[in-house]
Amino acid sequence: MFLLNEISEGVYYVGVNDRTKALFEGLWPLPYGVSYNSYLIKDEKTALIDTVDVCYSDLFLSKIADALGDRKLDYLIVNHMEPDHSGSIRMLRMLYPDVQIVGNSKTFGMLDGFYGLKEGLFEVKEGSTLDLGRHKLMFTMAPMVHWPEVMFTYDTTDKILFSADAFGTYGALSGGVIDDEMNTDIFPEEMIRYYANIVGKYGSPVQKALQKLPSIEVKMICSTHGPVWRSMIPEVVATYDRLSRYEGTEGVTIIYGSMYGHTEQMAETVAEALARGGVKNIAMHNTSKSHSSFILKDVFKYKGLIIGSPTYSNQLYPDIASIVDKIALREVKNRYFGCFGSFTWSGAAVKRLTAFAEQMKWETVGTPIDQKQGMSAATYEGCVALGTAMAEKIQHV
């Protein structure tokens, strides 16, 4: 038997928690775990919104059977086909062979491709509705937030937005489900990290989806990861709006690689100058230690970005080249950029970092510093000047 968690009249949370997986998508660390959220509406008709990762199908299907009792499942609404949310569909269909699977045309292509399901499909388009009895559902398309088939389901009765991965966050749910019934301390930062890792490239589609929100009243946001948002809706929407416009807050992220400590010494000097210049939010990442997941979070979070790299085989230091590629992939905009580098006999890092900033169309702040071998007085002063210039820039824009 399972304790039914009713989050609104006739609407139940039936998701699961994953505290076992180490890496989300095989890439991103999960220090707090992750939840896979699913919601069941029990009305004259019954509807399940999204499923969970196949690893938790047994638990999930037991929850559904317990919640439904002797009732059948009429509809499965598929807002998002990523396997951590669609992985249990095939087994659900085996348990409820008459269930109608609700989705759009792009959903159905993926249903066939992933699970070989072609029958019992109920197609919806922008503005389509589904009457469950008391609950009236409306569908709106949200392509590329962050897959092409994504759609939102809006309960016009209780004003609930079922938002697929939008407004989601890393972090398992420890007992509570709704934000004002739990301690949410970890989730603001984990939401930024989730966005930067998973959604970051798709700022424009997120903006298009957000533009639809003012036309509807939203009392609750039910994402597929993280808490159900009720009291924190303004903050959550504002976070997504800021991140999808690539608008950083006041602060600087310093990313560096260092083999023998010389480039690290430059990074420390730049950071000290930033602090003396009044910058309190300084995130420093040694790429040999910091996972790219957390680096990307801070790149999205702060408006200033300074990267330092030694020259390695006439290229960027490999870990720096890797994070630079990840930032470029996400098409991060509107950053104030500075750079520094070091070399022993032939320098290339600063030249390549400068070209990277030009590619990203960022404004370069201060003068790039290129250190030959160890720290000299001129190099020290150059690093101080770079940190000071960045501090002045981000505090006066």
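The values are calculated or read from the model by the stated rules, or taken from the named source; none is laboratory data. Values in this document were obtained by computation on a predicted structure and should not be read as measured data. Reconstructed Cβ throughout: ideal geometry from the backbone, glycine too, with neighbour counts over all protein chains shown.
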Which one of these does residue 221 not meet: (1) more than 18 Å from residue 152 (Cβ to Cβ); (2) among the aliphatic types (A, V, I, L, M); (3) in a strand (DSSP E or B); (4) in contact (Cβ under 8 Å) with a residue 60 or more places away in the chain? (1)
Of all residues in the stretch 6-33, count the ones that are buried (at least 19 other Cβ atoms within 10 Å of the Cβ), over 22 Å from residue 151 (Cβ atoms) and in contact with a Phe, Trp or Tyr (Cβ under 6 Å, 6 or more places away or on another chain). 1
Failed item in (1) touching a residue at least 40 places away in the same chain (Cβ under 8 Å); (2) surrounded by fewer than 21 Cβ atoms within 10 Å (Cβ to Cβ), with residue 39 passing the rest: (2)
Per the filter on the stretch 280-303, residues out of contact with any Asp or Glu (no Cβ under 7 Å at 6 or more places or on another chain) and over 22 Å from residue 332 (Cα atoms) are 280, 289
Looking at (1) assigned by TED's automatic domain parsing to the domain that holds residue 379; (2) of a type outside the set (Lys, Arg); (3) on the phi < 0 side of the Ramachandran plot; (4) surrounded by fewer than 24 Cβ atoms within 10 Å (Cβ to Cβ), which one does residue 314 not meet, given that it meets all the others? (3)
Which of the residues belonging to the stretch 174-193 are under 30 Å from residue 104 (Cα atoms) and either of a type in the set (S, T, N, Q) or in a loop (DSSP other than H, G, I, E, B) (or both)? 177
Criterion (of a type outside the set (Gly, Ala, Ser), crowded, with 23+ Cβ neighbours inside 10 Å and in contact (Cβ under 8 Å) with a residue 24 or more places away in the chain) met by exactly one of 54, 78: 78
Options 258, 309, 292, 223; residue that is surrounded by 17 or more Cβ atoms within 10 Å (Cβ to Cβ), within 15 Å of the chain's Cα centre (by Cα) and not assigned by TED's automatic domain parsing to the domain that holds residue 53: 292
Being of a type in the set (A, V, I, L, M, F, W, C), under 14 Å from the mean Cα position of the chain (by Cα) and under 22 Å from residue 51 (Cβ atoms) is the filter; apply it to the stretch 145-199 and report the residue that is surrounded by the fewest Cβ atoms within 10 Å (Cβ to Cβ). 147
Working only within the stretch 322-331, note down all residues that are on the phi < 0 side of the Ramachandran plot, of a type outside the set (S, T, N, Q) and touching a residue at least 24 places away in the same chain (Cβ under 8 Å). 323, 324, 326, 327, 328, 329, 330
Residues located in the stretch 204-218, provided they are surrounded by 14 or more Cβ atoms within 10 Å (Cβ to Cβ) and in a loop (DSSP other than H, G, I, E, B): 212, 218
In the set 253, 263, the lone residue that is surrounded by 17 or more Cβ atoms within 10 Å (Cβ to Cβ) and touching a helix residue (DSSP H, G or I) at 6+ places or on another chain (Cβ under 8 Å) is 253
Within the stretch 279-397, which helices (runs of 4 or more DSSP H) (wholly inside it) include 1 or more residues that are under 17 Å from residue 250 (Cα atoms)? 292-301, 377-394
State yes or no: is residue 345 surrounded by fewer than 20 Cβ atoms within 10 Å (Cβ to Cβ), under 27 Å from residue 378 (Cα atoms) and in contact (Cβ under 8 Å) with a residue 40 or more places away in the chain? no
Qualifying positions in the stretch 361-370 - without any contact (Cβ under 8 Å) to a residue 40 or more places away in the chain and buried (at least 17 other Cβ atoms within 10 Å of the Cβ): 366, 368, 370
For residue 231, all conditions in the list (1) in a helix (DSSP H, G or I); (2) in the same structural domain as residue 173 (by TED's automatic domain parsing) hold save one; what is the number of the exception? (1)
Checking the structure you have, find out if any residue of the stretch 114-134 is without any contact (Cβ under 8 Å) to a residue 40 or more places away in the chain and in a helix (DSSP H, G or I). yes
Could you count how many residues in the stretch 135-161 are under 22 Å from residue 109 (Cα atoms) and assigned to a strand (DSSP E or B)? 7
Contacts under 8 angstrom Cβ, first residue in the stretch 234-254 being assigned to a loop (DSSP other than H, G, I, E, B), partner among the basic types (Lys, Arg), 6 or more apart: 246/333; 246/335; 247/303; 248/301; 248/303; 248/335
